[in-house]
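Engineer: To start, I am sharing the structure in question, which I have written as structure tokens.
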Amino acid sequence: MNVFHPIRHYATHGKGAVAIWFGFTLPLIVSSVGVSVDLGQSFLVHERLSRSLDAAALAAASYPSEDPQEIEERVNQFIEANYPPDKVGFTTDVTVENHADTLYVNAYARLNTTFSRVVGKEYIDVYAEAEVTKEVKSIEVVLVMDVTGSMNTKTGGKTRIQSLKDASNLFLDTMFDRVKDKKRIKIGLVPFSASVNVGPYGTGKTLTGANYGPSFISPMTKPYFNPNSKTNPSATEKKRWWGCILEGPTPTDTQDHDGPWEQYRYCRNSSEQVKCDATDANANANIGCTKSIVTPMTNNKTDLANSVNAMVAEGSTYINVGLVWGERMISPEFPFEEGAPWNDEDWKKAIVLMTDGVNEPSGYYSAYGLTSTAGITATKLNNRLLDVCDDLKDKNVLLYTITFDKGVNAATKNLFKQCATQPSMWYDAPDSKTLEQVYMTIAKELANLHLSK
């Protein structure tokens, strides 16, 4: 007997039954596979919609306006940007609820099916939601501010320095209004021009004469005099030290270190002659030294506001010097020790750097001493600025940068974009109103918004 005969017999006579069975099951197989494909697409739509809502809610919660219509427009703008119409699915029924402490957003996305139409399912509605809690955690911020001579320029009816003061005070108002426990916030100020003025803190004293800590100025060849204490300093007071410092050699000028620093000592009289120790009443050993004194980090809003309002515009532009002192101030190390440890997870550190111009070495003297012997160029200052930026980013400091008004060229704008923690944290403010909005936006973002859903 042929052993293959039964198999050949079944294959010959079973074809009809298999064909009938396959004919009945084929639609079920196709529809189940098709539905699986559509369901897979719906999961992708849900993931994309969720990410879009998260971004939109965070952006809207940090928006300076509290107007419901503007908040809703902000949400829709971010949803459209993160979920453009050409993506699979399209958003419908976006709902925004803005409360004092939270912002809630939900939306549906409709996915037109491809295979599920076979079983009568023409679309799938996907739902997602996001909730942002507007809460300030422990935060340290240093405002590094350009107070150079160009800040005396008028724009929009007021000087740039006044615009900076208004925007900085708005920043302080926003931050302190959102903090219930003042122990959870510290803000410091570093005005800069050709140098940084560390004031009496360099001698170990506060502005009120109280003990602050060890001196970090050496050698102390001249006693300290507060240039803001008198409108017309005497000849003797002009020859004292007004608080500006000299940087050490590169790379120490880009580093957070414990000093010491030497006193800024440069004077010229009315005849453009160097006469630091002369009896000439016109001789001033502090020409080019900004009178705007730093304010170590504090939670005393009144002291901060007073310091902001006392700023004056004068001197050349050394942005890198301002930023490195911002780093030294936010650091937990000497000479300013108010900062939390770098690895303290309960505190977030941030620096806001602002300028209205470009790095422009003085023709005479600066934090690097005599220009004729220092060999300083704008390119070198720019490179040193980026070194400080990189160091801050390596230490996980949030770095916001602002270019203000029309004195900033394209190269410096690009430099500030590179300096920021990420490109979106660089802001260009062409006018005073925009500058205020930028500072308010940053203040709200620094409220450490976090997604609670």
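The values are calculated or read from the model by the stated rules, or taken from the named source; none is laboratory data. Model, not experiment: these values are computed from the prediction. Here the Cβ positions follow ideal geometry from the backbone for every residue, glycine too, while neighbour counts run over all protein chains shown. The area values use the complete protein model at the heavy-atom level, side chains included, leaving out ligands, DNA and RNA. Shrake-Rupley method; radii C 1.70, N 1.55, O 1.52, S 1.80 Å.
Engineer: Name the long-range amide H neighbours of LEU398: under 5 Å, sequence gap of 5 or more, or other chain; modelled H, no Pro or chain starts.
Structural biologist: Residues meeting the criterion, in which the H sits 1.01 Å from N, are LYS349, ALA350, ILE351.
Engineer: Of LYS301/LYS393; LYS186/LYS393; LYS291/LYS380; LYS183/LYS230; LYS158/LYS417; LYS239/LYS417, which ones are farther than 30 Å apart at the Cα?
Structural biologist: LYS183/LYS230; LYS239/LYS417, as the Cα separations exceed 30 Å there.
Engineer: Got a sec to turn the phi values of the range 380-386 into Karplus ³J(HN,Hα) couplings, 6.51 cos²θ - 1.76 cosθ + 1.60 with θ = phi - 60°, whole Hz, x for Gly and Pro?
Structural biologist: Result, ordered by residue: 4, 5, 4, 5, 5, 4, 4 Hz.
Engineer: Under 5 Å between amide hydrogens, which residues at least 5 positions from VAL196 or on another chain qualify, with H placed 1.01 Å from N in the peptide plane?
Structural biologist: Correct list: ILE245.
Engineer: Using a 1.4 angstrom probe on the protein heavy atoms only, could you order THR401, THR153 from most to least accessible area? Working shown, then result.
Structural biologist: Numbers: THR401 0, THR153 60 Å².
Sorted descending by solvent-accessible area, the residues read THR153, THR401.
Engineer: Keeping all protein chains in the complex and leaving out DNA, RNA and ligands, what accessible area do you get for ASP394 with a 1.4 Å probe, in Å² to the nearest 10?
Structural biologist: About 120 Å², rounded to the nearest 10.
Engineer: I need the semi-axes of the equivalent ellipsoid of the range 169-275: take the C-alpha gyration tensor, multiply each eigenvalue by 5, square-root it, list largest first in whole angstrom.
Structural biologist: Here the semi-axes work out to 30, 19, 15 Å.
Engineer: Write down the Kirkwood hydrodynamic radius of the range 294-453, to one decimal in angstroms, obtained as one divided by the mean of 1/r over all alpha carbon pairs. Present the calculation step by step, with values, prior to reporting the outcome.
Structural biologist: On the way: mean 1/r = 0.0586 Å⁻¹.
Computed over the range 294-453, the radius equals 17.1 Å.
Engineer: Sequence-distant or interchain residues sharing an amide H contact under 5 Å with ASN286, placed H: which?
Structural biologist: For ASN286, whose amide H was placed from the backbone, the distant partners under 5 Å are TYR266.
Engineer: Go through 253-261, 217-225 and give me the packing order, highest mean Cβ count within 10 Å leading.
Structural biologist: 253-261, 217-225
Engineer: Taking a quarter of the surface of the Cα convex hull of the range 345-422, what do you get in nm²?
Structural biologist: Values: hull surface 24.3 nm².
For the range 345-422, averaging the hull's shadow over all directions gives 6.1 nm².
Engineer: Using θ = phi - 60° and the Karplus relation 6.51 cos²θ - 1.76 cosθ + 1.60, list the HN-Hα couplings for the range 148-156 in order, rounded to whole Hz, with x at every Gly or Pro.
Structural biologist: 6, x, 5, 6, 7, 5, 7, 8, x
Engineer: Let me ask you something else. Just how far, in whole angstrom, is the range 207-222 from the range 122-196 if you go by their alpha carbon centroids?
Structural biologist: 30 Å
Engineer: Moving on. How big is the convex hull of the Cα atoms of the range 123-201, per residue, in Å³?
Structural biologist: Numbers: hull volume 15.9 nm³, N = 79.
Convex hull of Cα atoms, per residue: 202 Å³.
Engineer: Using a Cα-Cα cut-off of under 15 Å, which aspartates and glutamates could be cross-linked to LYS222, ignoring same-chain neighbours fewer than 8 residues away?
Structural biologist: Output for LYS222: GLU237, GLU262, ASP277.
Engineer: Applying the Karplus parametrisation 6.51 cos²θ - 1.76 cosθ + 1.60 with θ = phi - 60° to the phi angles of the range 308-314, what ³J(HN,Hα) value in whole Hz is obtained for each residue in order, glycine and proline being reported as x?
Structural biologist: Each residue's phi maps through the Karplus curve to give 4, 5, 8, 5, 10, 9, 5 Hz.
Engineer: Trypsin sites (Lys or Arg not before Pro), restricted to the range 238-268: which are DSSP loop and have at most 14 other Cβ atoms within 10 Å?
Structural biologist: none
Engineer: Right, something else. Using 7 Å Cα-to-Cβ label points, what is the GLU80/ASN306 separation (nm, one decimal)?
Structural biologist: With each label placed 7 Å out from Cα toward Cβ, I get 4.9 nm.
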